[in-house]
1. Using only the alpha-carbon atoms, how far is helix B:297-308 inclined from the longest principal axis of chain B? Give it as 0 to 90 degrees, nearest 10.
2. Assuming R0 = 45 Å, what is the FRET efficiency of B:K254 and B:S547, from their Cβ-Cβ distance, to the nearest 0.05?
3. Just to check, using Stokes-Einstein with a Kirkwood Rh over alpha carbon pairs, what's the diffusion coefficient of chain B at 25 °C and 0.890 mPa s in µm²/s?
4. Measure of size requested: the Rg and Dmax of region B:241-304, with Cα atoms as the atom set and Å as the unit; please supply both.
5. Relative to the present Cα-Cα distance, how much length would full extension add between B:H951 and B:V1006 at 0.36 nm per residue of separation?
6. Using the Karplus curve 6.51 cos²θ - 1.76 cosθ + 1.60 with θ = phi - 60°, what ³J(HN,Hα) values do you get for each residue of region B:941-947, in whole Hz, with x for Gly and Pro?
7. Express in nm, to one decimal, how much length is gained between B:L327 and B:Q564 on full extension, taking 0.36 nm for each residue of separation and deducting their alpha carbon distance.
8. What do you get for trypsin sites (Lys or Arg not before Pro) in region B:761-852 restricted to DSSP loop and a cutoff of at most 13 other Cβ within 10 Å of the site's Cβ?
Amino acid sequence: MTTIALVEDDPDERLFITRAIDQLPLEVSVDYFTDGEEAIEGLLGAEKGTYALILLDLKIPKIDGIGVLNSLGNGKSSRYTPVIVCSGSKSSQDVQRAWEAGCSGYFAKPDSPTGYREMIQTIVGYWLSPLLVSPEA
Amino acid sequence: MRIVVQTLSGCSLVTLREISVVLASTYTGMNEHPTKENQAPELIVCLGASAGGLEALEAFFKQLPDDLDCAFVVVQHLSPDFKSLMGEILTRCTSLPIVTLKDGGTLQRNCVHLIPPTKEIRFEGLTARLGERPSKGVPPMIIDHCFQSLASEFGQKAVAIVLSGTGSDGSRGVASIAEADGLVIVQDPLDAKFDGMPRSAINTGAVHLILTPGEMPGIVNRFRHDPDSGRQPLPPLGLSENLSDIQRIQRALKNNFGVDFGRYYKEGTINRRIDRRVKITHKTDLATYRHLVESNKDELEALYKDLLIGVTSFFRDPEAFEQLEKLVFPRFLDDTNRESIRIWIPGCASGEEVYSILILLLEFLRDNEASIPVKIFATDLHRDSLDLASTAIYTNEALHAVRPELISLYFRKVPGGFQVSHKLREMVVFARHNLIEDAPFTRMDLVVCRNLLIYFNQEAQTRVLGLFGYSLVQNGHVFLGTSESIPEKNKNFAQIDGSARIFRKVREIDFVTSFRAVDPGSPKPGAAVQHNPIIRSKNPSERILDSLLGCFVPSGFLVNRENQLVYTVGNVSRFLRLSPGRMTDDFLQMVPEKLRLHFTGAIRRSFSEQKAIDYGIITLDESVENGKTERFHLRALPVEDYSHNLQHTFLSLTRPQEETPAQESQTRAPSLELPELAARRIEELENELALSREGHQTVVEELESSNEELQSTNEELIASNEELQSTNEELQSVNEELYTVNAEFDSKNRELSILSSDLENFLQSTQIGTIFLDSSYNIRRFTEAAGHAMHLRDGDEGRPILHVTSPLGLNANDLLTILKLVEDSGQPEEREIEGPNGACFLLRVLPFSESTSESPGFVLTFVDVSPVKESERERERLAANLQNLIESVDGILLTLGKDGEVTKPSQSWQSYTGQLWHDYKKHGWLDKIENAPRPEDIFTPDVISRRRFQHQFSLWSDETKSFRHCLARFSALPADEGWAGLIVDLENETETRRILEQKQAVLDEVTDQTSTCIFLKDLDGTYMSLNRFARELMNITKEQVDAGISDFDLFPENEAQKIREDDLKIIESKERAHFEETVGVPGGKVRIFSTTKIPLIDQNGNAYGLAGVSTDVTGHRESERIKAQKSELERVNAELEDKNEQLDTFATVASHDLKQPLRIITNYSDILLEEEASKFDSQTVIYMQRISDAARRLNNLLESIFEYSRSSRESLKRSEIDTNAILDEVLEAHHTSIKEGKVQVIAESLHPLTADRNMFYQILLNLVGNSLKFRSTTHPTLHVYSRQLEGGRIVFGVSDNGIGIADKHFPRVFEPFERLHSREDYEGSGIGLSVAKTVAVRHGGDIKIASRQGEGTTVEFALQPGTDWETQHPPS
């Protein structure tokens, strides 16, 4: 079973993302964290390989996404786990900062269910497909 | 004033009026005032003092009037080893002369007599006899000695005063004084520094008054004066009558209230309180008060209340309460199964303490989160108090010790104060209870009994403590008042906290023991041991008791431990036999031999087993009465009396048929038929026992004797202890002497330190640098000023002065020379020495005068004389100047005396007239004047009063050898010393005038050349002069000015009026002033002038006009105004920029944050539309579609706002950009529209440009987008091009053949969010052109539009500085 960590404070966003993930023809479970502190604690504390992927929002309470990225860079367990930023901001500044903090990918939050499906498919197809075993396969 | 008259009974307190009676009775009683010729003092006042007495003496003498006509003798314990300063100290407090008595000296009235140390005094009439004090081994009793002599010599004229001190000196003496009817006054022990002597004296009962020292002189005076005092005796000193009165009062109290005060309460306390009532009711003595009490219930009640009610308050002694909370309360929590906490508070009075304890406990429980029910039993004898306590209303003042939060928690506001809350009140049970006589409450965890025991006597205290012990559970606590305690010998309690008086019960206490301990019916414990148990006689009541006993108690014997028969009940004679021989009270010897065994056994068992023994049936044959065999049931019943350590056994003999079946089942004795052998054996054993008893007796006697030995040893110890005590007293007296000496030193020391600080301050304040040297020229001390001058520092004391490198012009050798000189001559030396920076010091070296100092030395003083020096120099300079001045004067200076005589030689006179000094001195000078007037004609009274004169005459000139016309002007010298004056040769004046005119011309020329207005006006405002600049400005001629012209001719009336007013002010005040005048000048212009006007003052101090200087400052003012406007504009600009920035930030944040929820709305509506659409009907789907569309539009709008705000906010990043590549990107972005609309695109090759790449892209994207959006329906074209203007600037253009824009809309198209079309027709937010405009403007360029409706639009923009070009449609 593959598990994805989702760092997102907005329950609606979580719903859109998990919905898109559920629509994948794969068995993927989602652990979510609702603020930066919680995320750092959970992600750094997790055993290596717990999460195949981390989806991270930038605008989250307590410690923002950039802060989370910086902290993860220091932790050994999550160092090789891809961190994909999924942010509502399209500002080039934010994108720049996210890259500098070491994210593996940056997606602006889509504004339609289709958009979400496409985004998740892209992410999964790019970063996870080697790891996944499709139920049908 | 507190006055206590204490009689021997120690219980009588009387009013002030009576005191005077008392005082008078001790007064000798002269009827007429003593004549002044008789110098004998009226009273001999003797003051005895010891340790701490100095202060008391000071206080006494400070209040002492100096006309008391008494002699004062001060007897103080003084150390023989020190010089006494007593005399000096007392001098400061009184104006009376102070003499130290000599042997044989006479006591003087109004005089204070001191006794030398080591002496003791006695009197022979008014003659003092001084004897050596007894040798050291004996404590000095000099005060006693003095008082005793005083009493015997002066009797009623003697006044003895005992002041502070330890020990008991004086106590024996006051008794003598009192016996001799003298007056005895004692310092209040509370006031005295050491209360030993005052207390000791008071304890003798011979003291009349207890006062503070300050009050004593007044009383002595009163005692002396009261004329009809005399013959009344002192109040009776007898004991019996008063005591019986008190006893009767106590009986009345007992009868009415059931409380036996006489028995249990401290006698002193009771007597004091009764005395108080006597005083309050204005009764003269106890007997009358006793009558009142016996006849008046109210007074009895009042007395009862007084006796019972103590002082109480909330949280009295907070520290004790803290300890209670810390040490006792936690114990309540030890037992987790505890059901309740029970507290007994006897003597609760008005309840403050009860509630204090309860609140404290509840707070404690609350803090520890424990909920244990609390029950408090609060008892008191006094019913009214209990009522108060249970009503529980207290005033604000009473609650001041309670923390406010506790008040709000446990009290509620009611009229008159605060009432304890119901919750609290319900936990307390109030009951009337006599602590001594009523049964105690039981199973208490804590007994709080504060400040009650102190009123009880020893007996009652012991009893009450026993009760508490019984009342408490094991390990329960007693909380007593601060001055109460449980004696250490009471092993039932252990002390937990000494200062808070908390005790813990550590041993179980038997109620019977404790309760009977002081049973009123039983004799006192001590007496009981001696009591003979055999009843020798009976009184009638005892006989009745006996017969009752016979009726209700079975027949029997009461036997004690020694087998003595103590008592018999019923007819038991048949059991008794009298054996022949010596009479014995041994019971066993009285009974028949056959029964003896049974009785012995029964008695022994009952004693050993301490319980009732049912011995069984015994038979008595050969009964005395009827000779028949009778059977009796024998039982032994131990009867104990613990308090007396007595044990008895009651042997009851009843007939078997009287017994109840239940009793039969009790223990049966074994069969009584003993074999003969056993009987013999028993007899043997008994004999053996008797033998061992004798042995025992011997041992006891031996112990007794050794006990006696111990007793005698003990007595020896006591004796030696007494010896030690006397040694101690001796030590104490030495100590006192030391203390006295110390006090004197202390006081001297204070004076010294004051003196020293005075001196210090004086030295500092003089600002004269002073250095003290010792004989070896070492610095002993120096002042701050000297330190400053000589560069000395704090640590330099002790250094040789010659080692000091001084900044002054004084080297060590010079100084040494001076010092040696002074040393040899003993005379002061002075030197002037130079300091740094031209300062000058006067150094004065003085030797220490030998009379005031022990060690020789020097005083060096430095006085900074620089200012003096400076003024000297100044004076010389002035004198020289004056001389120069005099010499340069063109005239004759002459000084005349009062009568016109020449007093000083005058060089100028001599050279003008050729007269020599001896010729012109006195009145000789007049010889050279033609027709000289007489002096008295010159110095007329008028001239003298005006102090000046002016005179013209002809004076002989030696030069021209002729008389020349001269003018003399003289002024009076100060202090009528004469006259000084100047004589001027008037014939030289014509020349002077010519020079003046020349100067005037030059001045006029100068004023005319300046470009400033200069003018003079007379008092009427008419111009006396106007310089050329002013004339030209005013457009007038010099002739016009000379003809007379004023401001009213030059300026409009109101302006002229204003100028005139200003002028008048200046003339009036005679002070210069500055104005800024705004005036209209010819030519219609308004000019601003900055004008300074100066009044013109003549020799007599009168103003005769004014002068003015005006500068035209119009231009200056104008530029200032513009500058101010500019800076204001700059400020507004900065403000605007600031606001703009804020707005931008807001737009960014707003658009970003608004987008988030919007996106969610879009998402949800899309989910509904795309994935759940089948669940809704078609109409709903349309509506949802609309929501979705609206949300998307809002999203676009926000996007646009964001973009707009970014375009004006983001910093420009200029770079060389490939404009063609960007155009390709733009076309690619719009390729769908281009394709759909079949638009023909003409893309020219564009010029390269240096600009912000993103922004250029943005502009182009928007412009192309607009052209595509508003394209023509037929053959739409899009033309993108660039062209180079003259000067090299590049203009980019986008042109189309679309719908175009009407001219009237041109002004609005660049406004943000301005839309010219409805949303149904053309989508868009109306932001595109605004963004383009902003970007262009930010680059310094501009954007221009040309359009014709229906034909198309051309937009051109430039991203380089410059906005001047023409745009046409279609582009050329």
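1. Computed tilt is about 70 degrees.
2. On the way: r = 33 Å, r/R0 = 0.72.
The computed FRET efficiency comes out at 0.85.
3. Values: Rh = 51.5 Å.
Calculated translational D: 48 µm²/s.
4. Expressed in Å, the Cα Rg and Dmax of region B:241-304 come to 10.4, 28.
5. Numbers: separation 55, 0.36 × 55 = 19.80 nm, distance 3.84 nm.
Between B:H951 and B:V1006, full extension yields an extra 16.0 nm.
6. x, 5, 4, 4, 6, 7, 6
7. Values: separation 237, 0.36 × 237 = 85.32 nm, distance 5.32 nm.
Gain in length upon complete extension: 80.0 nm.
8. Working: sites: B:R780, B:R781, B:R793, B:K820, B:R831, B:R844; in loops: B:R793.
Those that pass, being in a loop and sparsely packed, are B:R793.
No lab work stands behind these numbers, since they all come straight from the coordinates. Remember, predicted model here, so these are calculated numbers, not experimental data. Glycine also receives a Cβ, built like all others from the backbone with ideal geometry; neighbour counts cover every protein chain displayed.
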